[in-house]
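Working notes, structure below.
The values are calculated or read from the model by the stated rules, or taken from the named source; none is laboratory data. Source: prediction; values computed, not measured. Cβ: placed from backbone, ideal geometry, glycine included. Neighbour counts: every protein chain shown. What goes into the accessible areas is simple: the full protein's heavy atoms, side chains included, and nothing from ligands, DNA or RNA. Shrake-Rupley method; radii C 1.70, N 1.55, O 1.52, S 1.80 Å.
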Amino acid sequence: MPSVKDVPADLLIGELARYIKENVPQVKPPVWTPFVKTGANKERPPDTPDWWYIRAASIIRKLYLYGPVGVGSLRTAYGYRAKIGDKTRPERTRKAGGAVIRKILQQLEQAGFVAKTKKGRVLTPEGRSLVDRIVAKIAKELVKTRPELAKYLAPPKE
């Protein structure tokens, strides 16, 4: 069976975001999302209308790969390099905003995909199962376009 690392991240996040938007009513953008910035370095809100679902899918993928994960480490993961002063001064890293990440994690908890532990948040078995199903579907589609990837799929049952 293929794992999350066997499929491209952009395909997985796109497919997972589509699934969340269509099938998970607990995850929906709050009323303030058209006005919010995702970090202090941004001047405008995201241009993509489905950015809330894409960020939720990205958080699920990060939880799958690196869990248990806290809000602070997710803020660091979505952070940026801040330019300060003129060109002679070095850049420094800044964390992303935490409200968006926190709200998405709360919605994913309500949906039953994420659970809190003492070390941070982890994916529940339902969340892992969802990601594994989508990964298998993407892997099968990839084999159609690139047959040499068939060796990574499980052999068919006889």
May I ask for the distance between the Cα centers of segment 90-116 and segment 13-80, given as a whole number of Å? 7 Å
Hey, what did segment 31-158 get for relative contact order, percent, Cα under 8 Å, at least 6 apart? 21 percent
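What is the local net charge at GLN106, summed over the other residues whose Cβ is closer than 11 Å to its Cβ (Lys, Arg +1; Asp, Glu -1)? Please report the intermediate quantities before stating the final value.
Numbers: positive: ARG102, LYS103, LYS116, ARG121; negative: GLU109.
Once positives and negatives cancel, what remains is +3.
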With x for Gly and Pro, the residue-by-residue ³J(HN,Hα) of segment 17-27, computed from phi through the Karplus equation 6.51 cos²θ - 1.76 cosθ + 1.60 at θ = phi - 60° and given in whole Hz, is 5, 4, 5, 4, 5, 8, 10, 10, x, 5, 9
For segment 1-93 the mean separation of alpha carbon contacts under 8 Å (6+ apart) over residue count, i.e. relative contact order in percent, is 24 percent
Ordered by packing density, taken as the mean number of other Cβ atoms within 10 Å over each peptide's residues, highest first, how do 80-90, 9-19 rank? 9-19, 80-90
Can you order the peptides 38-48, 136-146, 59-69 by their average number of other Cβ atoms within 10 Å per residue, highest first? 59-69, 136-146, 38-48
What are the ³J(HN,Hα) values, in whole Hz, obtained from phi via the Karplus relation 6.51 cos²θ - 1.76 cosθ + 1.60 with θ = phi - 60°, for each residue of segment 46-60 in sequence order, with x given for Gly and Pro? x, 7, 6, x, 9, 5, 5, 6, 5, 5, 5, 5, 5, 5, 4
Rounded to a whole %, the carbon-and-sulfur portion of the accessible area of the chain at a 1.4 Å probe is 53 percent
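Counting heavy atoms of the protein chains only and a 1.4 Å probe, report the per residue accessible area for the chain as a whole number of Å².
64 Å²
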